[in-house]
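The values are calculated or read from the model by the stated rules, or taken from the named source; none is laboratory data. Everything numeric here is computed off the predicted structure, so don't read it as measured data. Cβ atoms come from the backbone with ideal geometry, glycine included; neighbour counts cover every protein chain shown. Areas reflect the complete protein model, heavy atoms only, side chains present, ligands, DNA and RNA absent. Shrake-Rupley method; radii C 1.70, N 1.55, O 1.52, S 1.80 Å.
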Amino acid sequence: MSAFNERIAPLRELMKHKGLESIVLRRNPNLAWAIAGRAHVPTTIDAACFDLIITQDSATAITNVVEAPRLSAEELPSEVTVKTIKWSEGRDPQLPTGAKVGSDQPGADRIDLGTEIEIIRASLIESDVARYKEICSDAAIALGNAIKQVVSSDREIDVAGLITHALWQADLEIAFLGVAGQERVHKFRHPLPTSAVVGNRVSASICAKRKGLIASVTRIVSFEAISDAMVKDYEAIYKVEAAMLDATVVGKPFSDPVNAAIAAYPANGFDGDEWTKHHQGGPTGFLPRDWPANTGSARLIANNQPIAWNPTGKGFKAEDTIVATNSGVKILSMDPDWPSFEVNGRTRPFLLTP
């Protein structure tokens, strides 16, 4: 079975179970998952550049004359047939409607299967896990190489420029880029780059994308001598992360790692309400986060499910991309050239001092 057919086989089973004739995929993350490719043109809008109609024996992409040649040549699997319309026409009239049609979003009297499709997408097939491991490694290495070039007199936007260059050189698009220097790292949890000079510390976070899959990574550089207090605080946030990783178990609810973090913050010197000041992460893969996990997240962690936890506190953040498997958590965004230390038996990134 081809990778494409392996991905959509559960959709066809869902169609049988629901008594449907077809499923229409319209959302960017679901389309990128289905084709293992790019479903967008502008990255700033939700709308994809095609829709995908799946039946029991066919898959048809509906797109316009502008996008059809590129999609056929560079993105769509051979199993997908392309139906082309004029650029001045809308795609909606070409899509099936009614009670025998499912979709990943509501509308046109179709059956809304958004949650079911998201759950199917959450569990990667093995070839996508292998692809994801490479993407995450490339993202971590590109980020590391970029911020090794930073000097304390750089502005945050200069750092962003270095990171952007490194990511594109590694064939990685930018879904999110955060940079904070010493003045902003304690103030903001999502620090979009500004013209502020970084000074004694720079923290950089990325969500980097290739063919739909997104890697989340944070790395921190100190331009001053690392004090015992800094080490203690830095290790503390990784002990919170360790508690979350230990609680990330296939078949258990997403609330378990969040509850583990809530207990771990005060146990490691943070205020008891630290967890309320920033979301702790959640399932990822084809979005930076599908949704932030919380204490009420009853959905179960799936085998081969990508997750990015991101506990933060005292100006530090722990963030890497993992995949939950039946044999345990695997950390994917590793950079062998970045300084490291061990936390609860896992190799984790340390502070870099140039």
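Numbers for the structure displayed
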| item | result |
| --- | --- |
| Meets criteria (basic (Lys, Arg) and under 17 Å from Thr321 (Cα atoms)) for Arg201 | no |
| Thr115 vs. criteria among the hydroxyl-bearing types (Ser, Thr, Tyr) and either free of Cβ contacts under 8 Å to residues at least 40 places away in the same chain or touching a helix residue (DSSP H, G or I) at 6+ places or on another chain (Cβ under 9 Å) (or both) | yes |
| Failed criterion for Ser58 (all others in (1) open to solvent by 10 Å² or more (accessible area, probe 1.4 Å); (2) touching a residue at least 60 places away in the same chain (Cβ under 8 Å) hold) | (2) |
| Qualifying residue in the stretch 260-275 (condition: β-branched (Val, Ile, Thr) and either open to solvent by 60 Å² or more (accessible area, probe 1.4 Å) or touching a Phe, Trp or Tyr at 6+ places or on another chain (Cβ under 9 Å) (or both)) | yes |
| Subset of the stretch 215-240 [assigned to a helix (DSSP H, G or I) and open to solvent by 60 Å² or more (accessible area, probe 1.4 Å)] | Asp228, Ala229, Lys232, Glu235, Lys239 |
| Single condition Leu300 does not satisfy, out of (1) over 14 Å from the mean Cα position of the chain (by Cα); (2) under 30 Å from Arg155 (Cα atoms) | (2) |
| Single residue of Ala73, Ala108, Ala130 found to be on the phi > 0 side of the Ramachandran plot and either surrounded by fewer than 19 Cβ atoms within 10 Å (Cβ to Cβ) or not charged (D, E, K, R) (or both) | Ala108 |
| Filtered residue count, the stretch 1-55, keeping only those that are open to solvent by 50 Å² or more (accessible area, probe 1.4 Å), under 16 Å from Ala175 (Cα atoms) and assigned to a loop (DSSP other than H, G, I, E, B) | 7 |
